[in-house]
Amino acid sequence: MSAQRLDELGFYLLAGAPEGPADMLREARRGEELGLGTGFISERWNVKEAASLTGAACAVTTRMHIATAATNHNTRHPLISASWATTMHRLSGGRFTLGIGRGVAALYEAFGLPPVTTAQMEDWAHLMRRLWRGETVVGHDGPAGSYRALRLDSDFDEDIPLALVAFGPNSLALGGRVFDDVILHTYFTQETLQRAVATVKDAATRAGRNPDDVRVWSCFATIGDHLPEELRLKKSVARLATYLQYYGDLMVRTNRWDPAVLERFRADPLVASFAEPIDGKATAKQIAHIAELLPDEWLEPSATGSPEQCAARVRREFELGADRVILHGATPDELEPILGAYRASQPVPAGRG
């Protein structure tokens, strides 16, 4: 029997580097059973192709929302993306959210893909909504591309949420202007979270939208002490190190951290030896060495400790302005004791007690 759904909480399916995609089927069922409101899917170009996974996730659940966070707008033709989202929307009974992100510029360059701009993502979002309204788009020539004609079905009138994984101020403002959900990055400090929320909400207001209609998700590393230490280090140290590998400058600039620490991290011979993601390849001994390179303050923005301490830290994200929280980097089974503590810590309604 499923627990009462916690719409304000989500989690990632196939978090990290899974052995295979079939694990997602059990995770989706288990997440719904535990009452988690949304299961997120992050696309990787290996065994985490988003269209396949979202279809499977919706097929094995009945209540939980399924969202991509993220895929990329430039790796599928707009008609394919719009058709996929409509199919998922109807297949799931309205439980699907199509979420995109800017992506990693270095990978795009290596794979022969053009860099993504804020203007492209905004133009693409408007195209999606026009196609979902049943419009025929003729002679479009904009940042997202040039198309003689685009059409799905003139009878369409779909209300499909769009999400944006946002990092820098331009993306955050775009989220407030155009998107329904804005998903922040892991290891944002408390000050960064507050600043990011303000940027999104202010942009929504300037665009004539109700800022309360734009949901801002804190993506919050949740790594309780009930997990073995080696696994905790993999989920925290190794994961943060991987982010620093690929877009460390942006993380340091966004969090207003000391860039000299990042330079020392990159100059370390062990770190420099990794051509692939650290969280997928490093041994326990190597992760222990990398831990010595990262200040405690860089790992602080996370839920750690006992289940009760984790639950309290998650609730703190709401106090700082987040509308919703993704319990990042943990499977539903790993989250179960934290969810129990979270429910137990809910305020008693007025008049009861």
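The values are calculated or read from the model by the stated rules, or taken from the named source; none is laboratory data. Because the structure is predicted, anything quoted here is derived from the model rather than measured. Because the Cβ atoms are built from the backbone with ideal geometry, glycine has one as well, and the counts that use them run over all protein chains shown. Heads up: the accessible areas ignore ligands, DNA and RNA and are worked out on the full protein's heavy atoms, side chains in. Shrake-Rupley method; radii C 1.70, N 1.55, O 1.52, S 1.80 Å.
General remarks:
- Its DSSP H runs of at least 4 residues, each contributing -39,500 (n - 2.57), put the calculated 222 nm mean residue ellipticity of the chain at -13500 deg cm²/dmol, to the nearest 500.
- Largest to smallest in accessible area, the residues Lys285, Lys234, Lys48, Lys201 fall in the order Lys285, Lys234, Lys201, Lys48 (1.4 Å probe, all protein chains included).
- Candidates Gly39, Gly134, Gly55: whichever shows maximal mean-square fluctuation once the chain is modelled as a Gaussian network with Cα springs under 10 Å: Gly134
- Taking amide hydrogens as placed 1.01 Å from N in the peptide plane, the amide H of His140 sits under 5 Å from those of Tyr147, each at least 5 positions away in sequence or on another chain.
- Given charges at Cβ of Lys, Arg, Asp, Glu: the chain dipole, positive-most of Thr62, Phe111, Ala344: Thr62
- In order through segment 227-241: 3J(HN,Hα) via Karplus (6.51 cos²θ - 1.76 cosθ + 1.60), integer Hz, x for Gly, Pro: 8, x, 4, 4, 5, 4, 5, 5, 6, 10, 4, 5, 5, 4, 4
- 3J(HN,Hα) along segment 39-45, derived from phi through the Karplus expression 6.51 cos²θ - 1.76 cosθ + 1.60 where θ = phi - 60°, amounts to x, 9, 10, 9, 7, 10, 7 Hz, with x in place of Gly and Pro.
- In the chain, taking the dipole from charged Cβ atoms about the Cα centre, the farthest positive-side position among Ser171, Ala221, His140 is held by His140.
- Taking amide H as placed 1.01 Å from N in the peptide plane, Ile326 has its amide H under 5 Å from the amide H of Gly10, Ser218, Cys219, Phe220, each at least 5 places away in sequence or on another chain.
- Calculated accessible area for the chain comes out at 45 Å² per residue, all protein chains present (probe 1.4 Å; ligands, DNA, RNA ignored).
- Net dipole in debye of segment 30-144 [+1 Lys, Arg Cβ; -1 Asp, Glu Cβ; about Cα centre; nearest 20]: 320
- Accessible area, probe 1.4 Å, largest first, for residues Tyr12, Tyr147, Tyr246, Tyr187: Tyr246, Tyr147, Tyr12, Tyr187
- The 1.4 Å probe gives accessible areas that order Arg26, Arg232, Arg148, largest first, as Arg148, Arg26, Arg232.
- Convex hull volume per residue in cubic angstrom - Cα atoms of the chain: 147
- Coupling constants for segment 142-156 follow from the phi torsions by the Karplus curve (6.51 cos²θ - 1.76 cosθ + 1.60, θ = phi - 60°), and in residue order they are x, x, 7, x, 10, 9, 5, 7, 9, 7, 9, 7, 5, 8, 5 Hz; glycine and proline get x.
- Most mobile listed residue (Leu227, Leu14, Leu327) in the chain, GNM with C-alpha springs under 10 Å: Leu227
- Under 28 Å, Cα to Cα: Lys pairs in the chain, sequence gap 8 or more or different chains: 8
- Longest site-free stretch - the chain; sites: GluC sites (Glu not before Pro), DSSP loop, at most 16 other Cβ within 10 Å: 136-291
- Cα centre as origin, Lys/Arg/Asp/Glu Cβ charges: the chain dipole, Debye: 400
- Surface composition of the chain: carbon and sulfur atoms hold 51% of the protein heavy-atom accessible area at a 1.4 Å probe.
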